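Contents: one structure, followed by commentary.
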Amino acid sequence: MTGRTIADRFDVVAERHGLKALFWQCNRDGSEPLEDDLWTLAVDRRTGERVRVLERERENFWQWAADMWAEAVAHHVVAAASPHTVPILHIGPGVVFREPPPPGHPQLSPAEAVACALAACEVLAGLHAIGCGGECPRRRDGSLEFDMPMPIDFGPHNLRLTRESGEWRIAWLVPSHCDLAFIDEPKYDYDSPPIARDLARLAGFYLALAPPAPNQPAVVDALRRLADGELICHSVAEFARLLLALVPDPDAWAPRVAALPVIDVLPAPVLDWDRVIAAGEEKLPTLVPRQHDYVAQPLAVAYHRRASDRAALAPADALRDVDRALELDPIAPYHITRAVLLDRLGRRADARAAVDLVLAEPDAGATPADDDYDAIHLVDRRAFVLDDRERARAHATRGTIALRDGDLDRAEHHLRRALALDPTAAHAHALAAVLYACGDIDAAASLEARAVELEPTNARYHWDLAVSLHRLGRREEALVHARRADELEPRDPTCRARQVRLFGGS
């Protein structure tokens with residue numbers, strides 16, 4: 001016994017070994033690394049059963065963001081209450097799992113294998129929906145930030161199988177224990193997006209359980225191509241529909257497959273930013289200066305993300321969050337957000353100053369050389385470089401402020417630059433507003449049509465295009481877009497009224 005407890009319920013009985021130290025030991029004595037050595041093992045006082053603890057790294061400050069992310073994923077798993085994941089008994093600090101079944105991927109019949117693969121689809125689709133996916137995309141210093149996906153591991157030490165009542169089912173350790181992944185010797189592929197990598201490994205999981213035999217259905221060949229990296233589907237939901245061809249009773253699975261969220265690009269992770277910020281502020285005073293940035297930079301990300309969530313309803317609170325983010329990590333994107341919030345609060349002069357500070361920076365910055373040891377301790381030096389998307393956001397913000405100032409020449413200059421750097425519907429629509437104000441209705445309508453093409457479900461874009469087309473005498477075209485705006489916002493009582501004002505009783 002170590003005498004330590006976790007949340008006053010779990011008595012620690014064995015501490016984990018560091019992965020590097022364990023491998024050095026194995027190299028010296030020729031042994032194989034043991035899974036138990038990589039866990040903190042404990043006993044549940046209530047039941048007397050052994051449990052496994054994925055602890056927060058108390059000493060490894062560079063892992064702080066990864067630990068916060070892992071606990072957020074654990075909260076998702078508990079809320080999902082999936083029968084396909086290893087039960088989680090406690091979250092924070094760390095994650096406590098019930099004792100999982102032994103690792104291994106036995107060979108199964110195709111029917112058993114496809115049932116396990118479809119169960120994995122249900123878990124994985126939910127994880128993709130919260131921005132969790134891909135392999136271990138850790139930075140060279142070992143850290144993981146909130147703008148990066150939490151890794152999911154498919155190896156037999158994380159994605160396990162168990163046999164209950166004569167049926168095989170999966171018991172997935174989520175969040176994954178990344179040290180266990182190294183025992184499985186995964187082959188990482190960072191050239192493809194996270195979802196594509198997960199689909200390839202999901203196909204590989206099925207093929208490992210039911211190796212292809214002669215005269216297999218055509219879908220098995222498709223799975224083999226997918227496992228080899230050919231992108232034949234783009235989401236877990238689409239992959240699951242492929243698997244239905246292998247299910248003996250597809251009608252039983254079809255409703256569950258139809259209910260899967262269709263996620264073809266990982267969204268930005270959503271965490272409980274209040275919890276993350278409280279933990280980060282508690283952690284910062286314990287660090288020496290050289291350790292500070294490992295926590296300060298991801299903590300700044302958390303403040304910035306919370307500010308973005310608060311911006312619409314509580315801009316003053318959001319501004320305080322952005323100011324704290326800038327204290328922790330004074331990078332350009334936070335200055336741009338600060339300018340947006342200042343403008344929203346009516347502090348236009350301060351907003352101009354904030355965004356002009358960003359636009360005064362050069363278009364590119366230098367990242368540290370691989371051997372620059374003093375720079376490597378930072379979470380990501382690339383965060384200081386203003387990429388095209390952020391520079392476009394700066395120009396768009398400056399252009400919008402200039403439009404409100406009535407400085408149409410300056411507004412047009414900045415918004416044209418924004419559209420050239422990042423040709424989005426929002427930038428096209430903003431530039432159209434300037435051109436409309438200048439009296440160039442033809443050019444405005446052209447850009448509004450482009451915005452509609454890029455974002456066809458935005459009712460505002462359809463309506464503004466309708467107004468411009470009406471002014472150009474193209475009444476029938478204008479009416480089509482006005483009606484479409486009405487369809488997209490059926491609960492907005494102003495839609496019909498403004499349509500009547502523009503077109504009469506049509």
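For residue 350, are the conditions met, namely being modelled with pLDDT of 95 or more and either touching a Pro at 6+ places or on another chain (Cβ under 6 Å) or open to solvent by less than 60 Å² (accessible area, probe 1.4 Å) (or both)? For residue 350, the condition - modelled with pLDDT of 95 or more and either touching a Pro at 6+ places or on another chain (Cβ under 6 Å) or open to solvent by less than 60 Å² (accessible area, probe 1.4 Å) (or both) - is not met.
Residues of segment 232-266 that are of a type outside the set (Val, Ile, Thr), surrounded by 13 or more Cβ atoms within 10 Å (Cβ to Cβ) and farther than 29 Å from residue 214 by Cβ: 234, 235, 237, 256, 260, 264, 266.
Among residues of segment 317-337 that are in contact (Cβ under 8 Å) with a residue 60 or more places away in the chain, those with a beta-carbon under 7 Å from a residue that is open to solvent by 10 Å² or more (accessible area, probe 1.4 Å) at least six positions away or on a different chain give the pairs 332/361; 332/386; 332/390; 333/390; 336/390; 336/393; 336/397. Based on this model, can you work out whether residue 55 counts as among the acidic types (Asp, Glu) and within 16 Å of residue 5 (Cβ to Cβ)? Criteria met by residue 55.
Looking only at residues in segment 192-231 that are among the aliphatic types (A, V, I, L, M) and part of a loop (DSSP other than H, G, I, E, B), the one that is most open to solvent (accessible area, probe 1.4 Å) is 231.
Going by the conditions given, is residue 154 over 24 Å from residue 273 (Cβ atoms), at pLDDT 95 or above and aromatic (Phe, Trp, Tyr)? Spelling it out, it is not the case that residue 154 is over 24 Å from residue 273 (Cβ atoms), at pLDDT 95 or above and aromatic (Phe, Trp, Tyr). Screening residue 290 with (1) modelled with pLDDT of 90 or more; (2) more than 20 Å from the chain's Cα centre (by Cα) gives one miss only, at (1). Restricting 418, 396, 444, 426 to those that are out of contact with any His (no Cβ under 9 Å at 6 or more places or on another chain) and open to solvent by less than 30 Å² (accessible area, probe 1.4 Å) reduces the list to 444. The residue that is most open to solvent (accessible area, probe 1.4 Å), among those in segment 489-506 that are without any contact (Cβ under 8 Å) to a residue 12 or more places away in the chain and not in a helix (DSSP H, G or I), is 491.
Checking each residue in segment 22-55 for being in contact with a strand residue (DSSP E or B) (Cβ under 9 Å, 6 or more places away or on another chain) and of a type outside the set (Val, Ile, Thr) picks out 36, 37, 39, 41, 42, 44, 45, 49, 50, 52, 54, 55. Just a yes or no: is a residue in segment 451-461 open to solvent by less than 40 Å² (accessible area, probe 1.4 Å), of a type outside the set (S, T, N, Q), more than 25 Å from residue 359 (Cβ to Cβ) and more than 38 Å from the chain's Cα centre (by Cα)? No: segment 451-461 contains no residue that is open to solvent by less than 40 Å² (accessible area, probe 1.4 Å), of a type outside the set (S, T, N, Q), more than 25 Å from residue 359 (Cβ to Cβ) and more than 38 Å from the chain's Cα centre (by Cα). Identify, please: which residue in segment 13-26 is assigned to a helix (DSSP H, G or I) and over 18 Å from residue 184 (Cβ atoms) and is, among those, least open to solvent (accessible area, probe 1.4 Å)? Taking the candidates together, the pick is 21. When segment 232-267 is filtered for residues that are touching a residue at least 40 places away in the same chain (Cβ under 8 Å), part of a loop (DSSP other than H, G, I, E, B) and β-branched (Val, Ile, Thr), the ones remaining, listed by number, are 247, 263, 265. For beta carbons closer than 6 Å, sequence separation of 6+ or different chains, a first residue in segment 76-104 that is farther than 15 Å from residue 175 by Cβ and a second that is part of a loop (DSSP other than H, G, I, E, B) and not acidic (Asp, Glu), the qualifying pairs are 103/156; 103/157; 104/156. A count restricted to segment 467-488 and to residues that are loosely packed, with under 15 Cβ neighbours inside 10 Å and among the acidic types (Asp, Glu) stands at 2.
The selection criterion, being surrounded by 14 or more Cβ atoms within 10 Å (Cβ to Cβ), at pLDDT below 95 and assigned to a loop (DSSP other than H, G, I, E, B), does not hold for residue 357. Each residue in segment 97-125 was checked for being modelled with pLDDT under 95 and within 25 Å of the chain's Cα centre (by Cα), and 0 of them qualify.
The residues on offer are 409, 464, and the sole one that is surrounded by fewer than 16 Cβ atoms within 10 Å (Cβ to Cβ), under 28 Å from residue 347 (Cα atoms) and among the acidic types (Asp, Glu) is 409. Sort out which residues of segment 445-460 are within 20 Å of residue 503 (Cα to Cα) and at pLDDT below 95, and write them in order of number. Passing the criteria: 459, 460.
The values are calculated or read from the model by the stated rules, or taken from the named source; none is laboratory data. Please read these numbers as outputs of a predicted model, since none were measured by experiment. Quick reminder, even Gly has a Cβ in these numbers, built from the backbone with ideal geometry, and neighbours come from all protein chains shown. What goes into the accessible areas is simple: the full protein's heavy atoms, side chains included, and nothing from ligands, DNA or RNA. Shrake-Rupley method; radii C 1.70, N 1.55, O 1.52, S 1.80 Å.
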